[in-house]
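The structure appears below as structure tokens.
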Amino acid sequence: MSRLYHPDDTIVAIASPPGGAYRGVVRLSGPTVVTLLREVFDSQAGTQIDQVRCASVIPGYLRLRQWDADPPCDLYLWPGTSSYTRQPTAELHTVGSPALLEAALETVCGAGARLAEPGEFTMRAFLAGRLDLTQAEAVMAVIDASGPQQLDTALQQLAGGLTLPLTELRENLLNLLARLEAGLDFVEEDIEFIGAAELESQLKLSADRIQETLLQMESRLQTVEGIRVVLVGAPNVGKSSLLNAIAGKTAAIVSEAPGTTRDYITCRVDIDGVACELVDTAGVEMANPVRGTAAAAQQVTSQQRRRANLQIFCIDSTRPLNAWERGELSSQPPEPRLLVLTKCDYPNVLQLGKDAIRTSSRTGSGVKELLLAIYRSAFLVDDSLGNVVATTAARCHKSLTAAHESLARAMLEVQGATGEELVATEVRFALDELGKVVGAVYTEDVLDRIFSRFCIGK
Ligand SMILES: Nc1nc2c(ncn2[C@@H]2O[C@H](COP(=O)(O)OP(=O)(O)OP(=O)(O)O)[C@@H](O)[C@H]2O)c(=O)[nH]1
Ligand SMILES: [Mg+2]
């Protein structure tokens, strides 16, 4: 069995980032924290650590076995169950020297603690019921957040953004199950605890809630995979060159021969925390292409256009618009579109509205403006961008789908009057699946998978 399942061990880890810093933190949690601190910490004012009853900060010194000098240290102590892990927890805040922190770790281990596994502090918080699984994942998302948007989202989830609706849903279903089971217990007496019509409407309500959450999650997943930004335009206008300029590397082949790109090419870029999948497509010749490879390539392009969240319509600034481009510009595409003029390092023969972004892949001018425009559009394209916690969405999708299916079957059984026994079984099954999402029902390998992605000390 994994070591994570032994909350009776006292664990210790360096909780501050690696490398030298002004301050470093060593974190401990477990039943023997207070006894152990008596060995490794001297309070400046002579405070008796075992007398401390509530969360306190105590200035003092570390007593390191290997060192003669005792470095100054502030002890943050949660002696009871008010801590993150709901067990005695302490943090030793001292000088952030890697050698010193290692020595502190060794000393604490020498006094009876063991090194913590990745995510073990948060695992304890989960096992103690302080967090549910979606919140534990949010802790990790907060730590990993690479931009303000991701951070905001992770914090929302940590604050119970997903937990609250799911908890409410589970409670409703539990009540429903209780009434169903009461009816089953008194089947002889012919007392009705819940009528078929109410049962069906309650089931439908819950099924709809799950469906809503699923849809929300799907849009989150899509966001995490990246909003799809598709470059379209006539052959040879410089789409592939622009993709390379945005990506900062050669992802697509460029040549002066029109029709170079035949299949679509994708490339991921991260624009300040917003994941984008850029898609380069084959140039479009005309509205109704001829047969052969050109036609096949254009079919692929139309498919990609349909899947786009955002279109970047590229127009060559060195020549007048052709008929196809005029037609495209006069119609409103279903998805948001940015207009981009290419090859602006050449003398410009084309005047488009001021909304068009002027770029040159050769000099790199305008690429920054284009990135900013993509970034801004991303939030218009996908308003769930503020709600991304991909790991949770990926993990919960299967359970939510299964719960929804059970409730749909339960509704059919109510309609077919096949018996409340079967309805209750389906409701129980749905509850189990919802329980997996928040971690009310879990297996060891699910926990291992989730918590092993944490870093040590968290
Ligand atoms: N001077 C200049 N030349 C460019 C620029 N962008 C592209 N080109 C040239 O234009 C030609 C076509 O570029 P590509 O990027 O292959 O154009 P494309 O639209 O992807 O073409 P297809 O894949 O055939 O549809 C190449 O010779 C590029 O070097 C630019 O910003 N400035
Ligand atoms: Mg190309």
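The values are calculated or read from the model by the stated rules, or taken from the named source; none is laboratory data. Quick caveat, the model's predicted, so the values are computed rather than measured. Counting neighbours? That spans all protein chains shown, and the Cβs are built from the backbone with ideal geometry, glycine included. Ligands, DNA and RNA are excluded from the accessible area calculation, which covers all protein heavy atoms including side chains. Shrake-Rupley method; radii C 1.70, N 1.55, O 1.52, S 1.80 Å.
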Contact list please: Cβ distance under 9 Å, first residue in region 245-270 and acidic (D, E), second residue within 7 Å of ligand 1 (Cβ to nearest atom), pairs at least six apart or on different chains. E256/N236; D263/A282
Could you grab the pairs with beta carbons closer than 9 Å, sequence gap of 6+ or different chains, first residue in region 369-382 and in the same structural domain as V269 (by TED's automatic domain parsing) and under 16 Å from A356 (Cβ atoms), second one small (G, A, S) and at pLDDT 75 or above? L370/A245
Are there any pairs with C-beta distances below 6 angstrom linking a residue in region 114-127 that is closer than 20 Å to G160 by Cβ to a residue that is assigned to a loop (DSSP other than H, G, I, E, B) and among the aliphatic types (A, V, I, L, M), with the two at least 6 apart or on different chains, and if so which? A125/L131
Looking only at region 46-77, count every residue that is more than 14 Å from V26 (Cα to Cα) and in a strand (DSSP E or B) and tell me the total. 5
Determine the pairs where a residue that is at negative phi, located within region 410-437, has a partner that is not in a helix (DSSP H, G or I) with Cβ atoms under 6 Å apart, the partner being 6 or more residues away or on another chain. D432/V441; G435/V441
Among the residues of region 396-406, is any in a helix (DSSP H, G or I), under 30 Å from E192 (Cα atoms), open to solvent by 60 Å² or more (accessible area, probe 1.4 Å) and modelled with pLDDT of 80 or more? yes
Right, L36: crowded, with 19+ Cβ neighbours inside 10 Å, in the same structural domain as F126 (by TED's automatic domain parsing) and over 13 Å from E91 (Cβ atoms) or not? yes
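Restricting region 266-282 to residues that are assigned to a strand (DSSP E or B) and modelled with pLDDT under 80, which is surrounded by the fewest Cβ atoms within 10 Å (Cβ to Cβ)?
Step one: of region 266-282, the residues assigned to a strand (DSSP E or B) are 266-271, 274-280.
Narrowing the set further to residues that are modelled with pLDDT under 80 leaves 270-271, 274-275.
Numbers: D270: 11, I271: 17, V274: 24, A275: 20.
The residue in question is D270.
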Contact list please: Cβ distance under 9 Å, first residue in region 23-39 and at positive phi, second residue of a type in the set (V, I, T), pairs at least six apart or on different chains. G30/T10; G30/I11; G30/V12; G30/T85; G30/T89
Restricting to region 341-368, name every residue that is within 32 Å of the chain's Cα centre (by Cα) and touching a residue at least 40 places away in the same chain (Cβ under 8 Å). V367
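Any residue that is among the hydroxyl-bearing types (S, T, Y), closer than 22 Å to A116 by Cβ and either modelled with pLDDT of 95 or more or open to solvent by 10 Å² or more (accessible area, probe 1.4 Å) (or both) - is there at least one of those in region 64-78?
The answer is yes; a qualifying residue exists.
Counting residues that are open to solvent by 50 Å² or more (accessible area, probe 1.4 Å), which helices (runs of 4 or more DSSP H) fully inside region 103-185 reach at least 2? Give the steps one after another, and end with the answer.
Values: elements: 120-127, 133-144, 148-158, 163-185.
In region 103-185, 133-144, 148-158, 163-185 are the helices (runs of 4 or more DSSP H) which contain 2 or more residues that are open to solvent by 50 Å² or more (accessible area, probe 1.4 Å).
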